[in-house]
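Read the figures in this text as sums done on the coordinates, not as results from a lab. Just so it is clear, the structure is predicted and the values come from calculations on it, not from any experiment. Reconstructed Cβ throughout: ideal geometry from the backbone, glycine too, with neighbour counts over all protein chains shown.
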Amino acid sequence: MKILIVEDEELYADKLEMLVEKLEYELVGIVDNSANALELIRQNPPDLILMDIHIQGQHDGIELADLINREFNIPVIFITSLLDDLTFNRAARAKPIYFLNKPFSDIQLQRSIELTVRQLGTQTSDTPEWEQDVFSKEHLFIKVRQKLEKVAIKDIVYLEADGRYAQIFTEEKKYLVRLSLQECLALLPAAGFLQTHRSYLVNAEKIRNIDLQDNLIQLNKYQVPLSKRHREVLLKKLNWL
């Protein structure tokens, strides 16, 4: 993922640069005006542009985004300190993929970039992510410190939401990943994993029994809750007499 920053405020430009590097994306460059932005885009087209609406040069950020849409079709995340309706309506017509207001926190910026990257990844095909041409459809590679651990999908017992993260439980180990529960679900075979609660996904093959009185699901050594909202849907998917 190659990212271009178009920002004329040095403080925000530095903040954007640090986060792009922290997330280990490739930084194409940092420019503060429309002419240099167009020149750089033509020389080395990025995959994503982080752009302030009010920049220097012949075009403001909205006009520049229109030019980019017509010539390159590169997605743009708009960044602005203005919240008035006129600016927002003009910006909306340029069809940005995200709209971020100043001042923003590191986590807001990080989430906007990560969600955009994931959205771009799903726009290339209608096929669910886990069915695409990946190295292995039977495994996930989970980052643990500076290593990628290979985890068999069949060995996953359940997943639990943990704030902005998710915990993945196998029989032997627990992993913490920087994804929401729904983002995890998109990476797993839908037929094999069932949602039992707003905060839980379970591997259907690991279900040992379901306590309909206490609304609990036994998964070998683990127990997870079954909410009333998901109970009916779950039972319809099971062969029970």
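Coupling constants for the range 201-214 follow from the phi torsions by the Karplus curve (6.51 cos²θ - 1.76 cosθ + 1.60, θ = phi - 60°), and in residue order they are 10, 10, 7, 4, 5, 8, 5, 9, 7, 10, 8, 6, 7, 9 Hz; glycine and proline get x. Could you point to the residue in Y175, Q119, L234 farthest towards the positive end of the chain's charge dipole, with +1 and -1 charges on the Cβ of Lys/Arg and Asp/Glu respectively? Toward the positive end, the furthest listed residue is L234. Charges were assigned to the Cβ only: +1 to each Lys and Arg, -1 to each Asp and Glu. The resulting dipole of the chain about its Cα centre is roughly 1460 debye.
How much FRET efficiency would the formula 1/(1 + (r/R0)^6) give for K236 and K154, where r is the Cβ-Cβ distance and R0 is 22 Å, rounded to 0.05?
About 0.40, to the nearest 0.05.
Taking amide H as placed 1.01 Å from N in the peptide plane, L219 has its amide H under 5 Å from the amide H of R208, V224, each at least 5 places away in sequence or on another chain. Label point of H54 set 7 angstrom out along Cα-Cβ; within the range 1-21, amide nitrogens under 12 Å from it belong to 8-9. Counting charges near R231 (Lys, Arg +1; Asp, Glu -1) among other residues having Cβ under 15 Å from its Cβ returns a value of +2. Of the cross-linked pairs K143/K174; K22/K150; K2/K150, those separated by over 20 Å at the C-alpha level are K22/K150; K2/K150.
With K and R counted +1 and D and E -1, the other residues having a Cβ less than 13 Å from that of F104 yield a net charge of -1. Straight-line reach from K228: taking Cα to Cα under 12 Å and skipping same-chain neighbours fewer than 8 places apart, the aspartates and glutamates in range are D214.
Across the chain, the mean sequence separation of Cα contacts (distance under 8 Å, 6 or more residues apart), normalised by length, yields a relative contact order of 10 percent. In the chain, helical runs assigned H by DSSP with n ≥ 4 each contribute -39500 (n - 2.57); averaged across all residues and rounded to the nearest 500, the mean residue ellipticity at 222 nm is -9500 deg cm²/dmol. Using only Cα atoms, locate the centre of the range 1-20 and the centre of the range 162-241, then give the distance between them in Å, rounded to an integer. Here the two parts' Cα centres lie 39 Å apart. Which of T196, F88, H54 sits farthest toward the positive end of the charge dipole of the chain, with +1 on the Cβ of Lys and Arg and -1 on the Cβ of Asp and Glu? Most positive-ward Cα: T196. Beta bridges assigned by DSSP with both partners in the chain are antiparallel in approximately 60 percent of cases. Projecting label points 7 angstrom from Cα along Cα→Cβ for N209 and Q43 puts them 7.0 nm apart.
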